[in-house]
């Protein structure tokens, strides 16, 4: 089994990397391979809502000028995930959001049924709102969410400062342990013949605007 950890910071070896390294150690202690995928510094294109990905046989975005499809290639081989980001204006890094929007929309089948977790790090505030944004992707794609002993957030500003956040680092270790536990539980279930629930043949979309509604003048 393998866990893929996404470093959503433009700083390759900064505090986001430090918390992912702590998470990875605990996953590896359970005999599970890990890989940290860095989002990089280059621009990540936002989703254009062209829906071309839904017309393709391969679950990939048609925009192939950045790291999104490279990440999905790695994700397809993984059995669990961690998405981590620094906090910018109480939200995750914009490049990470662009990647997650396109990867989860074009390649939702890659992630379905596999467990994942998210983590956020900030100088002072905005971690919970950033965590909330990232966490919403997982249940939307049928992914069990790995917990910790508190919300998976940590604090630090200068490079490596997060290591001084004893509670935050403990939280990350528990996140790694719990993701590994979920991965093993799901693997054991598969070996016992228990498969993840499958989606219904047709996904129902209910819109709030109806053609037969009359607008009062």
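Each reported figure results from applying straightforward, stated rules to the coordinates on display, with no laboratory input. The shown structure was predicted, so the numbers you read here are calculated from the model rather than taken from an experiment. Because the Cβ atoms are built from the backbone with ideal geometry, glycine has one as well, and the counts that use them run over all protein chains shown.
Mean separation of Cα pairs under 8 Å and 6+ residues apart, divided by the residue count of the chain: what relative contact order is that in percent? Could the numbers behind the result be given before it?
Working: 385 pairs, mean separation 49.3, N = 217.
Reported as a whole number, the value is 23 percent.
Applying 1/(1 + (r/R0)^6) with R0 = 30 Å to the Cβ-Cβ distance of residue 204 and residue 76, what FRET efficiency is obtained, to the nearest 0.05?
Numbers: r = 27 Å, r/R0 = 0.90.
E(calc), rounded to 0.05, equals 0.65.
Can you give me the distance in nm between label points at residue 158 and residue 194, each placed 7 Å from the Cα along the Cα-to-Cβ direction?
The two pseudo-label positions are separated by 5.0 nm.
Enter the angle in degrees (range 0 to 90, nearest 10) between the Cα long axis of helix 166-191 and the first principal axis of the Cα atoms of the chain, meaning the one along which they spread out most.
With rounding to tens, the tilt is 60 degrees.
Sorted by packing (mean other beta-carbon atoms within 10 Å per residue), highest first, where do 79-88, 177-186 land? Don't jump to the answer; show the numbers that get you there.
Working: 79-88: 24.2, 177-186: 20.2.
In decreasing order of mean packing, 79-88, 177-186 become 79-88, 177-186.
Listed highest first by mean packing, meaning other Cβ atoms within 10 Å per residue, what order do 4-12, 16-24, 188-196, 126-134 come in? Mind dumping the intermediate values first?
Values: 4-12: 21.8, 16-24: 24.6, 188-196: 10.0, 126-134: 19.1.
For the peptides 4-12, 16-24, 188-196, 126-134, the packing ranking is 16-24, 4-12, 126-134, 188-196.
Where the Cα atoms of the chain are projected onto their three principal axes, how long is each span, largest first, in whole Å?
Here the spans come out as 60, 49, 36 Å, largest first.
Using a 7 Å offset from the Cα along the Cα-to-Cβ direction at both residue 124 and residue 54, what is the distance between the two label points in nm, to one decimal?
4.4
How many percent of DSSP beta bridges within the chain run antiparallel, rounded to 5?
Numbers: 2 of 23 bridges.
Antiparallel: roughly 10 percent of the beta bridges in the chain.
Before rounding to the nearest 500, sum -39500 (n - 2.57) across all DSSP H runs of length at least 4 in the chain and divide by the residue total; then give [θ] at 222 nm in deg cm²/dmol.
Roughly -11500 deg cm²/dmol at 222 nm, from the helical runs in the chain.
Identify which of 141, 93, 56 has the largest mean-square fluctuation in a Gaussian network model of the chain, with springs joining Cα atoms closer than 10 Å.
Largest GNM mean-square fluctuation: 56.
If one takes the longest principal axis of the Cα atoms in the chain, at what angle in degrees, from 0 to 90 and to the nearest 10, does the Cα axis of helix 94-106 lie?
Compared with the principal axis, the helix lies near 50 degrees.
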